[in-house]
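Asks: One structure is given below, represented as structure tokens, and several questions about it will come after.
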Amino acid sequence: MVKPIVLAIGAIPAIIAILIAVPLVTKPDIPFSASTPNDVLDIEYTKHQLKKVSRGVTDRLVSEKTEILEIKNNGEMLYTLTEAGYPNPSIKSKLNEDTHKKIKALIKETGFMAIPSESFPILENVTEYQKSNVKIILNNQVTQIHWPEQNATEKFVPPIITMIELELDKIMDQVSE
């Protein structure tokens, strides 16, 4: 029969593991505490659907569709869509407070502002791809990053950039509907 002291000693690591795991499972992904009311955040996010067009000897890139989302510090948004070179009327909207805090916290908490602006070369055989650009001004510090979709480049696009892209795409989809 197992002695009670052995059971007690064996249970201690299990109890500690549970005490550590419960807060990790129940907390939100990005803590809103990283966002303070004094933070000033402006975002300009652009998506281009590009296509390589051959004109005999030379190739050039043509934008089939361009979407621009501007988010001001007060939550005001401006969405502009250009298709086949023709701009559609801009849509003005307001970002809800929770989403605005989440974006601020995501940018501050992940270290997005410290990402170096590096170049992502496009693969030779790619003829159509999406290229994105985000310009973020956080408390007068400016970061601007350009990147293509992952399958159009051999370089690795950092997950931090992809996280910001997904959040801004969600907002863009809500505004455009």
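The values are calculated or read from the model by the stated rules, or taken from the named source; none is laboratory data. Source: prediction; values computed, not measured. In this analysis, Cβ positions are derived from the backbone assuming ideal geometry, glycine residues included, and neighbour counts consider all displayed protein chains. Remember, those area values only see protein heavy atoms, side chains included, never the ligands or the DNA or RNA. Shrake-Rupley method; radii C 1.70, N 1.55, O 1.52, S 1.80 Å.
Asks: Collect the residues in the stretch 148-177 that are more than 27 Å from N96 (Cβ to Cβ) and of a type outside the set (D, E, K, R), keeping them in residue-number order.
Replies: Selection gives P148, Q150, N151, A152, T153, F156, V157, P158.
Asks: Only residues that are at pLDDT below 90 and buried (at least 16 other Cβ atoms within 10 Å of the Cβ): list them for the stretch 124-151, please.
Replies: L138
Asks: Among the residues of the stretch 98-119, is there at least one that is closer than 21 Å to K65 by Cα and under 12 Å from the mean Cα position of the chain (by Cα)?
Replies: no
Asks: Which members of the stretch 11-39 meet the condition of being closer than 30 Å to I107 by Cβ, at pLDDT 80 or above and open to solvent by 70 Å² or more (accessible area, probe 1.4 Å)?
Replies: Selection gives N38 alone.
Asks: Of all residues in the stretch 69-106, how many are open to solvent by less than 40 Å² (accessible area, probe 1.4 Å) and touching a residue at least 24 places away in the same chain (Cβ under 8 Å)?
Replies: Within the stretch 69-106, residues that are open to solvent by less than 40 Å² (accessible area, probe 1.4 Å) and touching a residue at least 24 places away in the same chain (Cβ under 8 Å) number 13.
Asks: In the stretch 143-174, which residues are more than 17 Å from L106 (Cβ to Cβ), assigned to a helix (DSSP H, G or I) and polar (S, T, N, Q)?
Replies: Once the filter is applied, which keeps residues that are more than 17 Å from L106 (Cβ to Cβ), assigned to a helix (DSSP H, G or I) and polar (S, T, N, Q), the stretch 143-174 yields Q150, N151.
Asks: Mind checking which residues of the stretch 107-123 are surrounded by 14 or more Cβ atoms within 10 Å (Cβ to Cβ) and either part of a helix (DSSP H, G or I) or modelled with pLDDT of 90 or more (or both)?
Replies: I107, K108, E109, T110, F112, M113
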